1. Over 26 Å from residue 189 (Cα atoms), open to solvent by 50 Å² or more (accessible area, probe 1.4 Å), within 12 Å of the ligand (Cβ to nearest atom) and charged (D, E, K, R) - does that describe any residue in segment 41-64?
2. Identify, please: which residue in segment 167-191 is among the hydroxyl-bearing types (Ser, Thr, Tyr) and open to solvent by less than 40 Å² (accessible area, probe 1.4 Å) and is, among those, farthest from the ligand (Cβ to nearest atom)?
3. Does residue 228 count as of a type in the set (A, V, I, L, M), over 16 Å from the mean Cα position of the chain (by Cα), away from the ligand (no atom under 15 Å from the Cβ) and assigned to a helix (DSSP H, G or I)?
4. Tally the residues that are within 14 Å of the ligand (Cβ to nearest atom) and either farther than 18 Å from residue 190 by Cβ or surrounded by fewer than 19 Cβ atoms within 10 Å (Cβ to Cβ) (or both), restricting the search to segment 210-221.
5. Does segment 123-141 hold any residues that are more than 18 Å from residue 96 (Cα to Cα) and in contact with a helix residue (DSSP H, G or I) (Cβ under 7 Å, 6 or more places away or on another chain), and which are they?
6. Would you confirm whether or not segment 2-16 contains a residue that is more than 30 Å from residue 199 (Cα to Cα) and in contact with a Lys or Arg (Cβ under 7 Å, 6 or more places away or on another chain)?
7. Go through segment 145-164 and give me each residue that's out of contact with any helix residue (DSSP H, G or I) (no Cβ under 7 Å at 6 or more places or on another chain) and loosely packed, with under 14 Cβ neighbours inside 10 Å.
8. Of the numbered conditions (1) more than 7 Å from the ligand (Cβ to nearest atom); (2) of a type in the set (A, V, I, L, M); (3) in contact (Cβ under 8 Å) with a residue 60 or more places away in the chain, residue 27 fails exactly one; give the number of that condition.
Amino acid sequence: MVQKAPIVVLTGAGVSQESGISTFRDAGGVWQKYSIEDVATPEAFARQPDTVHAFYNDRRRKLQDTGAIRPNAAHEALARLEHEWPGEVTVITQNIDNLHERAGSQNLIHMHGELLKVRCNTCGAVQPWHEDVTRRTACPACANPDTLRPHVVWFGEMPFHLDTIMAKLDDCGWFLSVGTSGNVYPAAGFVDRVRAVGQARTVELNYEASGGAFDDARHGPATEVVPAFVEDLLKA
Ligand code: NAD
């Protein structure tokens, strides 16, 4: 079979919206209920660790209600694309949920971390985590209490795996941006980097126009536009 150009897919909160997880900035989104300064910065964690732990404990519990929160047709279509495209498909997600992996995506980069992991501020160990965390919880690796934090990237912190991501962006032939408003950098700048290299077709699949400079766009719910676009790509 003839190999085809690598595809990079950037996903954001919009891909999980129809799975029952609030987006970031839309009406009813997470940040209309909480302020960023209260729960998603290193300073907030230093100032009020109990509040930050409670916020993430709540989200972690909800994510594990697997009856209520399930991968949707968009996650499933992206997993199908990875398995059927005769070339590399990489999903780079800004989401901290686990819906891409539950749908079957394997070549997946969590650039903003994962809700179901914790990291130790003392020894640096990163561990899968499914329970609540409090200041009394001891790190399983070094046994210190009051040292675990969510393994997520907060505002003001550096996203994970940026070197790998940049190499994938520079090498791709397709760049798909799915369910992201293009407000959070550096992810919001990925399309400009891909366009500067000039070898990939850039496509936005989002509920509405984000304002980014894409070659092509299909607007609508992710569960409709993503499966339809994947079908077209695989037929082409
Ligand atoms: P955002 O909320 O800023 O933007 C979401 C975008 O998705 C908007 O452009 C909106 O029009 C679109 N959208 C909403 N519902 C949609 C649907 N059903 N189908 C298609 N598009 C839809 O989110 P963002 O750009 O991902 O913001 C980045 C930050 O939000 C990241 O740091 C991410 O970690 C965080 N976040 C993650 C989750 C999650 O893990 N599921 C949830 C909320 C926020």
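The values are calculated or read from the model by the stated rules, or taken from the named source; none is laboratory data. Just so it is clear, the structure is predicted and the values come from calculations on it, not from any experiment. Cβ coordinates were reconstructed from backbone atoms using ideal geometry, including for glycine residues, and neighbour counts include every protein chain displayed. Surface areas here come from the heavy atoms of the whole protein model, side chains and all, with no ligands, DNA or RNA. Shrake-Rupley method; radii C 1.70, N 1.55, O 1.52, S 1.80 Å.
1. Within segment 41-64, one or more residues are over 26 Å from residue 189 (Cα atoms), open to solvent by 50 Å² or more (accessible area, probe 1.4 Å), within 12 Å of the ligand (Cβ to nearest atom) and charged (D, E, K, R).
2. 177
3. no
4. 6
5. Passing the criteria: 134, 135.
6. Looking for residues that are more than 30 Å from residue 199 (Cα to Cα) and in contact with a Lys or Arg (Cβ under 7 Å, 6 or more places away or on another chain), one finds none in segment 2-16, hence no.
7. 145, 146, 158, 161, 162, 163, 164
8. (3)
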